[in-house]
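Okay, so here's the structure we're looking at.
We did not get these values from a lab; they are worked out from the coordinates using the rules stated. It should be emphasised that the depicted structure is a prediction, and the values quoted were computed from it without experimental measurement. Virtual Cβ from ideal backbone geometry, glycine too; neighbours counted across all protein chains shown.
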Amino acid sequence: MSALARIEALRWRYSIGPWVLNDIALEVQAGERVGLVGRSGSGKSTLALTFNGIIPQSYAGQMGGRVVVAGKNAVTTAVSEMAHEVAMVFQSPDDQMSQILVHHEVASGPANLGLPLSDVHRRVADALSRLHIEHLADRETSTLSGGEKQKVALAAALAMQPHLLVLDEPTTDLDPRSRAELVQMLESLEDGLGIVIVSHDLDTIAPLVDRLVVVDDGAIAADRSAAEVFAQPELLSTHGIAVPQPVVIEHAQRSGQDPETLLGHRTRGAPSVATQVAIELRGVTFAYPKTSAPAVIDVSMQIGRGEIVAIVGNNGSGKTTLGKLMLGLLQPTSGHVYLQGEPIERLRPDLVGYIFQNPDAMLSQMSVLEEIAFTPRLLGRADWREQTSHMLSRFGLADLQARYPLALSRAAWRRQDHRVHHPRHGPRRALGRSRRDHAHGANRPQRHHRVTRGPI
């Protein structure tokens, strides 16, 4: 039987830097669900971008080998033509949002295929229904939470009715309930649809995938059934991949080891009594323009110096909005926010730092060194050179200091963001999903060019 997708002797490197992919050989059968896993910077997302021709057609670099999907050469066939066969959901859904309203976003791909309007409407309704997001149809995409955008991007991909669906870290912005719904939805898709999932979230995708392809240092280190890989958890840990908890517990029971030790759990001591309130919210309500309901309603809370506080909730519950209110990026519709006892009336980068869900929204300099030095220099700190050097060393990116920030893997972006906003640069406190890309593998080589889902 002919494979739906076949990659042969694939090599790739960007215009600057070493080879990112080395002699990759991979097949995906129709109806097969394949997980691509690996540590940060291993080449997973770069490999995923070759299925529909974004690499090499939208990036400068050097390539060798062949990529064929549904009989079409992805290297030479236009991306717009490959969109008939391959639909892709990027790790950051903002990279593929192009329409103002959600139902227009989902409709844009089928409409670009030149389908009759009735077929476009039917596909939109079906895609929104599968993901249970019909209520978002008339929302502006710019007002959606990260998780809601992820669902809309997936709905847009499903509306294309592709032969191969490629998902790059599809669970990163989803709450636990939405993750479970995503797995159920993917399991219910047509038997002939091939699915490739780039993910570090093995706990979620384990029940879904038939095979796991372990990528390390640009090469395939293992290509086995999921059952075979999970029977050897050391294979995952050797290549920097977090082992799913059920697998660790089962392995510990067989070997007589302590599961807590294998999981690396540690107990945090009881918090000390806060001597000073760092941030306080009093009756804070906030509503975005042109929305029917406030995003945050009558929130009162205090965060003391030295406390580590997690803000959790479902997608669209107001978590990110609350963080932006603490930062001063948003001003309450009613109520007050205080920083060290003083009202927050403007951004205070000397006191509060914030790491966005999407790190590329924060990066503006031409090198990692310049990015880390930017804020302390802007604040006029006399020791900015020493602090920049310290942060480069502490976060393990000294070797990357000359690199262009957006050419790093996404997890490296996160480490860079932490350096920019670390307390040694100032008492910064607010984080937005800061760990989602650090779980042993989230590779984003460069900012993506906007790509249509069908021919223009």
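Values computed for the structure shown
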read-out: Sites residue 398 and residue 25 - FRET efficiency at Förster radius 41 Å, r taken between beta-carbons, to 0.05; value: 0.75
read-out: Set of lysines near residue 149 by C-alpha distance (under 17 Å), chain-local residues within fewer than 8 positions excluded; value: 319
read-out: Segment residue 60-residue 340, extension gain: residue separation times 0.36 nm, minus the distance between their alpha carbons; value: 95.9 nm
read-out: Residue-span extension gain [residue 276 to residue 121] - 0.36 nm each, minus C-alpha spacing; value: 50.2 nm
read-out: Three-way shape call for region 35-99 based on the alpha-carbon gyration tensor, with the a/c threshold at 1.5; value: oblate
read-out: Inter-label distance for residue 98 and residue 377, nm, one decimal - labels placed 7 Å from Cα along Cα-to-Cβ; value: 3.6
read-out: Net dipole in debye of region 329-411 [+1 Lys, Arg Cβ; -1 Asp, Glu Cβ; about Cα centre; nearest 20]; value: 80
read-out: Charged-residue dipole, Cβ positions (Lys, Arg, Asp, Glu), region 23-79 about Cα centre, Debye nearest 20; value: 100
read-out: Charge dipole (region 18-144, unit charges on Cβ, about Cα centre) - positive-most of 36, 22, 56; value: 22
read-out: Calculated log₁₀ intensity ratio I(q)/I(0) where the Debye formula runs over C-alpha points of region 276-331, q = 0.18 Å⁻¹; value: -0.63
read-out: Directionally averaged shadow of region 134-207, computed from the convex hull of its alpha-carbon atoms, nm²; value: 5.2
read-out: Förster radius 30 Å - calculated FRET efficiency between residue 228 and residue 9 (Cβ-Cβ, nearest 0.05); value: 0.75
read-out: About the Cα centre, charge dipole magnitude for region 271-363 (Lys/Arg +1, Asp/Glu -1 at Cβ), debye; value: 160
read-out: Estimated distance in nm for a label pair at residue 180 and residue 386, the labels positioned 7 Å out from Cα along Cα-to-Cβ; value: 5.3
read-out: Cα-based convex hull volume of region 24-142 per residue, rounded to whole Å³; value: 150
read-out: Cα centroid of region 69-96 to Cα centroid of region 299-341, whole Å; value: 39
read-out: Spacing of the two label points (7 Å from each Cα toward its C-beta) at residue 189 and residue 292, in nm; value: 3.1
